[in-house]
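> The structure under discussion is supplied below as structure tokens; questions concerning it will follow.
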Amino acid sequence: MWVILTLTGWTLLGLLAAGVIQLFLRFLLAYLTRYRYRAIRHSMASRWTGLATLEALDQRSGLKRTWERMQKLYSAEGGCPDLVYAGINVSGSHEVMAMSPEAVRQVTSRDTVDFVKPETFKNMISRIIPQGLVVSEGDEWRHERKLLTPLFHYAQIRDVALPATVAQVHKTIALIEKRRNQKDTADDDTEAKGSSVRWTVDEGGNPSTIAVDLFGHLALGVVIDGMFGSDLDREWMHSVWKDLFTANYGYLIGKLLLGRLMDYLPLPPTVRMLRTIRQIRSTIQRLIDRRREETAEKGDQAQDKGDLVTAMIKAKDPETGERLPDDLIISEALTMLLAGHETTSTILSWLMYFVGRPENTQVQKRLQEEADRVLQGEDPCAATYGQLTYTQQVMKEALRMRPGGVQRVAVRDVEICGVKIPKGTNVIAFFIMPHHHPAHYPQPHVFDPDRMDPQGQSGWKGDNKTNDALYAPFSAGPRACIGQRFAMQEVVVTMAMLCQRYHLETDETEFIGGVLKPNGLRVKFIKRDSHDKEEGKKDI
């Protein structure tokens, strides 16, 4: 036994060393080929090592410093530069940022043709999501997109996302009220079930928590309900899905160093990760089997569960009659869990950041007035959702101010804005720059929801037909996010229901850290009647 353990240890050490050597050789090769990017006039790479700056990873102020450097480039250029050479990234690949509206448009419009998703990304999630829209390319991706797009039309999403969101927001409100006037922040039911939500209560009895944690919990619940309906143990899925990523950093680091080989090594992180994945996939498979049995027995009389898994089971190609195989349905469900809740959590957290700032007090007041006028004390429904127009404007403006980005790899030598980009280059379409282009957005750094009013007189009129990169919070081109309507409806409903009841305050007035979301931002929930009384005293 001792001999076996010794040999196993030396084998694992040798594989780790081989991974490190391979990564070093990739860095060396990238360093020696930096000359191929001399045509790009602007660079953010280290002058001596050629490495991409890692300052953006600083959770508190990294994004601020990166943003300031980009603004300097913007000013020096007299406008937004088309391309910026970012340097050599952590995987040993060259990285270029597409920043101008035209450069971003050229990258996103040629997605699936000249650009594909990075292999490092696919390797990281290969055992969690081995197939589906998030990882497929070319004809396979186009076929899957064709089958799935009808499931995300407005009527379908309205019937799924809206009731699921209302139910989860009520659970969140119950959590807020449970914490009100409680000085003891010991574990409650939510924390015992694996949530990362932790509360504090001020002297006035007003609870506060980290925004991304609270809304991550809410959004994951919405996606679970909307995807699987009531036939799945929500709390079990919620807990195991959170643990899948919070307790497996060792596995992800191993994947970065060893690639797919990590999946075949009997290491504790690998064993734990693969066991959890098997549990999740087998649970979803049993749910699919039950739905198929009901459909086979009752045919058209089978009860429609009103969830996306059932919709995917029923989906078929209108030309060939082909249906989605079970493995693909499972992968697409996991894709929604992975991408859907993170997206919505981030949007809601940025909304808290902007709405809770002192200079935006009137924005929050208008949100509350609209919620009172439209909802009349009731929950949002299909009839009232469309009337929450100002809430939608606030959401769209927050998405303009803090959009995401996409990373792609050139599959051949390509030309972007007249500059040759070598095959294998990682290209990041950086949407925040087109979204702050002063020619299209007057005073682009001002949070102004009125600019999103199509009937308004100020700002942008919502016409991005000439270049869809000018407003692309969910990406642009053929691979724009298929679930964006789901996310937007979820955000509007959540915001309206919270504004019915609370005045929202944040503890930060400066720029929030993090790469794409406001990490560390705390949001406080003050009952509106209490807040209004305090404001009335100030006016006397």
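The values are calculated or read from the model by the stated rules, or taken from the named source; none is laboratory data. Values in this document were obtained by computation on a predicted structure and should not be read as measured data. Note that each Cβ is placed from the backbone with ideal geometry, even for glycine, and that neighbours are counted across all protein chains shown. Remember, those area values only see protein heavy atoms, side chains included, never the ligands or the DNA or RNA. Shrake-Rupley method; radii C 1.70, N 1.55, O 1.52, S 1.80 Å.
> At a Förster radius of 45 Å, what calculated FRET efficiency corresponds to the Cβ-Cβ distance of F24 and Q182, to the nearest 0.05? Intermediate results must be reported in sequence, preceding the final value.
Working: r = 53 Å, r/R0 = 1.18.
Once rounded, the FRET efficiency stands at 0.25.
> What is the dipole size for region 99-167, taken about its Cα centre, with +1 at each Lys and Arg Cβ and -1 at each Asp and Glu Cβ, in debye to the nearest 20?
It comes to approximately 140 debye.
> Related question: Label points 7 Å out from Cα along the Cβ direction at A382 and A296: separation in nm?
Once both label points are built, they end up 3.2 nm from each other.
> Heavy atoms only, 1.4 Å probe, whole protein assembly: order V20, V427 by accessible area, highest first.
Per-residue accessible area, sorted high to low, gives V20, V427.
> Follow-up. With a 1.4 Å probe and every protein chain left in place, work out the accessible area per residue of region 77-180 in Å², rounded to a whole number.
It amounts to 34 Å² per residue over region 77-180.
> Another one. Just to confirm the filter: which GluC sites (Glu not before Pro) across region 303-336 are DSSP coil and have at most 10 other Cβ within 10 angstrom of their Cβ?
Working: sites: E319, E322, E332; in loops: E319, E322.
Counting only loop positions with at most 10 other Cβ atoms within 10 Å, the GluC sites (Glu not before Pro) in region 303-336 are E319.
> Near the amide H of A86, under 5 Å away, which other amide H atoms are found, from residues 5 or more places off or on another chain, if H is placed in the peptide plane?
It is M44, E95, V96, M97, by chain and number.
> Of the peptides 32-42, 356-366, 385-395, how do they stack up when ordered by the mean number of other Cβ atoms within 10 Å, highest first?
385-395, 356-366, 32-42
> Please report the net charge: other residues with Cβ closer than 11 Å to the Cβ of M273, K and R +1, D and E -1.
+3
> Also, quick follow-up: Ranked highest first by the average count of other Cβ atoms within 10 Å around their residues, in what order do 86-95, 144-153 fall?
Ranked from most to least packed, the peptides come out as 86-95, 144-153.
> Provide the FRET efficiency to the nearest 0.05 for the R278-E322 pair, computing r from the beta carbons and using R0 = 30 Å. Numbers along the way, then the final one.
Numbers: r = 27 Å, r/R0 = 0.91.
E(calc), rounded to 0.05, equals 0.65.
> Once you've got the Cα coordinates, tell me which of K365/K524; K171/K316; K316/K396 are over 27 Å apart.
Numbers: K365/K524 16 Å; K171/K316 35 Å; K316/K396 33 Å.
Going by Cα-Cα distance, K171/K316; K316/K396 fall outside the 27 Å limit.
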